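First up is the structure itself, then whatever we jot down about it.
The values are calculated or read from the model by the stated rules, or taken from the named source; none is laboratory data. Predicted model only: the values in this text are computed from it and were never measured. Please note: Cβ atoms are built from the backbone with ideal geometry, for glycine as well, and neighbour counts cover all protein chains shown. What goes into the accessible areas is simple: the full protein's heavy atoms, side chains included, and nothing from ligands, DNA or RNA. Shrake-Rupley method; radii C 1.70, N 1.55, O 1.52, S 1.80 Å.
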2 protein chains.
Amino acid sequence: MQLEKRQLSQSEENYIKAIYALSETCEDTISTNLLAERMSTKASSVTDMLKKLTDKELLTYQKYQGCGLTPKGRAIALSIVRKHRLWEVFLVDKLQFGWDEVHEIAEQLEHIQSTQLTNRLEAFLGYPKVDPHGDPIPNDEGVFDTPAVRVSLASCETGSKGIVMGVDDGSPEFLQYLNKIDLKLGSEIEILEKLSFDGSLLIAMEKRTIQFSHVVAARIFIQPYQS
Amino acid sequence: MQLEKRQLSQSEENYIKAIYALSETCEDTISTNLLAERMSTKASSVTDMLKKLTDKELLTYQKYQGCGLTPKGRAIALSIVRKHRLWEVFLVDKLQFGWDEVHEIAEQLEHIQSTQLTNRLEAFLGYPKVDPHGDPIPNDEGVFDTPAVRVSLASCETGSKGIVMGVDDGSPEFLQYLNKIDLKLGSEIEILEKLSFDGSLLIAMEKRTIQFSHVVAARIFIQPYQS
DNA sequence: CTAAAATTTTAGACGTGTCTAAAAAATAGT
DNA sequence: ACTATTTTTTAGACACGTCTAAAATTTTAG
Ligand SMILES: [Mn+2]
Ligand SMILES: [Mn+2]
Ligand SMILES: [Mn+2]
Ligand SMILES: [Mn+2]
């Protein structure tokens with residue numbers, strides 16, 4: 001998969017990354033409006049960009065039918081995700097930033113163009129498998145190293161136990177809340193009770209009990225014990 | 001000196017930096033053509049940019065009279081130079097890049113916006129005073145830490161001795177040549193002979209003798225021994 | 001001092017990326 | 001099936017940064 005040499009603008013890269021992220025979570029064909037909302041821009045701007053990226057053979061897209069990444073587009077998305085997550089590890093592990101402070105900076109650093117830099121950074125960091133929020137880091141070929149099973153807390157049954165393996169990194173405020181209750185990657189959690197009427201959870205974590213709303217629980221991912 | 005919040009484009013930053021660099025070496029008022037050549041662009045593009053930066057109060061500029069930096073502009077230039085040189089130290093010290101490989105990557109990294117990142121990077125690197133080419137690194141206030149005396153080899157007399165304190169970092173090829181002859185920062189040098197007709201030098205370095213053209217000698221800077 | 005040459009600016013154009021408003025197509029409701 | 005609504009695209013505009021060609025200004029030389 002020889003990419004390289006094609007150099008995309010930061011805008012183009014951000015669109016590619018957003019389409020990749022939406023493809024992972026939502027259905028496989030991404031609507032113009034969904035992408036517009038994600039990019040905080042207007043649908044008309046999105047349409048223009050979809051045309052351009054389609055011309056560059058990074059997207060499959062047909063009028064009114066939504067879009068998806070081509071293999072070439074996906075490879076580029078993965079290289080950006082790789083850089084983003086490696087830089088987040090650097091910021092947290094080496095420069096002592098908090099996990100709530102790194103996303104914005106990584107949004108800039110992910111656009112630095114140098115395969116050599118990325119690979120040497122990875123080696124310098126000791127070939128980390130996950131970023132500070134538990135998200136997996138693809139290797140130079142865009143392959144993830146068989147990620148651990150991760151299940152949303154919201155989808156677990158009463159009585160389940162597990163270890164926190166990931167958290168949603170979308171909002172600094174949420175991560176700061178997790179700081180406050182001292183929840184980290186690796187924390188042990190047990191679901192004591194699940195309140196069906198509002199979806200909130202009572203959980204035990206290191207001898208304390210905490211109440212999580214459904215929204216919070218949906219953003220925390222654990223590896224359940226097989227007990 | 002509160003700057004911040006004013007965010008410049010990468011283009012604007014590159015112009016500011018180039019004007020700063022030219023102000024250091026050449027006279028204090030920079031001509032449009034000189035800047036155009038440095039930026040590898042056309043004089044008309046330069047004129048447009050000079051107007052814009054003057055509107056932002058980063059330049060003093062009057063039609064046909066050339067330009068110079070305002071204090072605010074100079075502060076911005078220094079913050080970019082600071083970032084460039086700190087990242088170069090990172091690349092060489094931590095990621096084992098050669099001093100001939102770092103300039104291009106630092107050209108990108110110098111535009112990352114986060115004062116906190118810059119300051120933490122500086123601490124992580126152990127508050128280096130110079131970059132891998134011997135150029136001084138300004139502190140967070142834009143102040144250089146009383147740099148060592150640095151004299152161009154070309155301007156030294158026969159018989160002078162000194163330690164290499166800096167080299168021109170403008171071209172990777174030149175730096176690779178220095179690699180080949182094993183000249184580094186810290187190398188001890190003695191000028192054995194100075195050929196007046198072509199300005200070339202015969203120098204001794206660690207028990208070897210090497211011939212330098214005037215062009216090469218002008219790009220190497222030493223701290224002379226006071227003997 | 002004046003004409004030629006060099007430098008610098010202006011005028012007009014183009015590509016990128018964005019926007020608003022209007023048109024076109026798809027979807028939903030009756 | 002036929003509107004009404006929503007989604008998406010098109011049309012036209014604007015800011016940015018660049019270019020070429022032409023005009024204006026400054027500098028150099030006779
Ligand atoms: Mn992130
Ligand atoms: Mn992350
Ligand atoms: Mn450099
Ligand atoms: Mn340097």
Yes or no: segment A:158-169 includes at least one residue that is in contact with a Gly (Cβ under 9 Å, 6 or more places away or on another chain), among the β-branched types (Val, Ile, Thr) and within 18 Å of A:His103 (Cβ to Cβ). yes
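Any idea which of A:Lys129, A:Lys180 is more than 14 Å from chain B (Cβ to nearest Cβ) and under 18 Å from the mean Cα position of the chain (by Cα)? Show your work before the answer.
On the way: A:Lys180 fails: under 18 Å from the mean Cα position of the chain (by Cα).
None of the others qualify; the one that does is A:Lys129.
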Taking A:Pro147 as the residue in question, decide whether it is outside any strand (DSSP E or B), at pLDDT below 95 and not small (Gly, Ala, Ser). yes
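Does A:Ile137 qualify as being buried (at least 20 other Cβ atoms within 10 Å of the Cβ) and either without any contact (Cβ under 8 Å) to a residue 40 or more places away in the chain or in contact with a Lys or Arg (Cβ under 9 Å, 6 or more places away or on another chain) (or both)? Full working, then the answer.
Details: buried (at least 20 other Cβ atoms within 10 Å of the Cβ): yes; either without any contact (Cβ under 8 Å) to a residue 40 or more places away in the chain or in contact with a Lys or Arg (Cβ under 9 Å, 6 or more places away or on another chain) (or both): yes.
So A:Ile137 passes the test.
Open to solvent by less than 70 Å² (accessible area, probe 1.4 Å) and over 19 Å from the mean Cα position of the chain (by Cα): is that true of B:Ile191 in this structure?
Numbers: open to solvent by less than 70 Å² (accessible area, probe 1.4 Å): yes; over 19 Å from the mean Cα position of the chain (by Cα): yes.
Here the answer is yes, as B:Ile191 does meet what is asked.
Is it the case that some residue within segment B:137-146 is within 16 Å of ligand 4 (Cβ to nearest atom), within 29 Å of B:Met39 (Cβ to Cβ) and touching a helix residue (DSSP H, G or I) at 6+ places or on another chain (Cβ under 6 Å)? Before you say what the answer is, go through the steps one by one.
Filtering segment B:137-146 for residues within 16 Å of ligand 4 (Cβ to nearest atom) gives B:137-138, B:144.
Going one step further and asking which of them are within 29 Å of B:Met39 (Cβ to Cβ), we end up with B:137-138, B:144.
From what is left, the residues that are touching a helix residue (DSSP H, G or I) at 6+ places or on another chain (Cβ under 6 Å) are B:137-138.
Yes, there is a match, as at least one residue in segment B:137-146 is within 16 Å of ligand 4 (Cβ to nearest atom), within 29 Å of B:Met39 (Cβ to Cβ) and touching a helix residue (DSSP H, G or I) at 6+ places or on another chain (Cβ under 6 Å).
Against the condition hydroxyl-bearing (Ser, Thr, Tyr) and within 14 Å of another protein chain (Cβ to nearest Cβ), how does A:Ser152 come out, does it pass?
Working: hydroxyl-bearing (Ser, Thr, Tyr): yes; within 14 Å of another protein chain (Cβ to nearest Cβ): no.
Spelling it out, it is not the case that A:Ser152 is hydroxyl-bearing (Ser, Thr, Tyr) and within 14 Å of another protein chain (Cβ to nearest Cβ).
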Exactly one condition in (1) under 25 Å from B:Val216 (Cα atoms); (2) within 14 Å of chain A (Cβ to nearest Cβ) is not met by B:Leu95; state its number. (1)
Can you tell me which residues in segment B:194-212 are assigned to a loop (DSSP other than H, G, I, E, B), surrounded by fewer than 14 Cβ atoms within 10 Å (Cβ to Cβ) and touching a residue at least 12 places away in the same chain (Cβ under 8 Å)? B:Asp198, B:Glu206
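Residue-by-condition table, conditions (1) open to solvent by 50 Å² or more (accessible area, probe 1.4 Å); (2) under 20 Å from B:Gln223 (Cβ atoms); (3) within 14 Å of another protein chain (Cβ to nearest Cβ):
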| site | (1), (2), (3) |
| --- | --- |
| B:Ile112 | no, no, yes |
| B:Glu122 | no, no, yes |
| B:Asp145 | yes, yes, no |
| B:Lys161 | yes, yes, no |
| B:Asp169 | no, yes, no |
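Can you go through B:Thr41, B:Thr32 and tell me which one is within 12 Å of DNA strand D (Cβ to nearest atom), without any contact (Cβ under 8 Å) to a residue 12 or more places away in the chain and more than 14 Å from chain A (Cβ to nearest Cβ)? Please lay out each step first, then the result.
Numbers: B:Thr32 fails: without any contact (Cβ under 8 Å) to a residue 12 or more places away in the chain.
Result of the check over B:Thr41, B:Thr32: B:Thr41.
Based on this model, can you work out whether A:Gln108 counts as within 14 Å of chain B (Cβ to nearest Cβ) and either over 29 Å from A:Ser9 (Cβ atoms) or open to solvent by 30 Å² or more (accessible area, probe 1.4 Å) (or both)?
yes
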Taking into account only those residues within segment A:92-105 that are open to solvent by less than 20 Å² (accessible area, probe 1.4 Å) and under 16 Å from the mean Cα position of the chain (by Cα), which is farthest from ligand 3 (Cβ to nearest atom)? A:Val102
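Restricting attention to segment A:48-70, does a residue exist that is within 16 Å of DNA strand C (Cβ to nearest atom), in contact with a strand residue (DSSP E or B) (Cβ under 8 Å, 6 or more places away or on another chain) and at positive phi? Let's see the steps before the verdict.
Our first condition is that a residue be within 16 Å of DNA strand C (Cβ to nearest atom); within segment A:48-70, this holds for A:48-59, A:61-68.
In the following step, the residues that additionally are in contact with a strand residue (DSSP E or B) (Cβ under 8 Å, 6 or more places away or on another chain) were identified as A:50-51, A:53-54, A:58-59, A:61, A:66-68.
Still in the list and also at positive phi: A:66.
Yes, segment A:48-70 has at least one match.
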Number of the condition not met by B:Pro136 [criteria: (1) within 16 Å of ligand 3 (Cβ to nearest atom); (2) within 14 Å of chain A (Cβ to nearest Cβ)]: (2)
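Quick check on A:Val46: is it within 16 Å of ligand 2 (Cβ to nearest atom) and away from every other protein chain (no Cβ under 14 Å)? Spell out the reasoning first.
Values: within 16 Å of ligand 2 (Cβ to nearest atom): no; away from every other protein chain (no Cβ under 14 Å): yes.
So A:Val46 does not fit the description; no.
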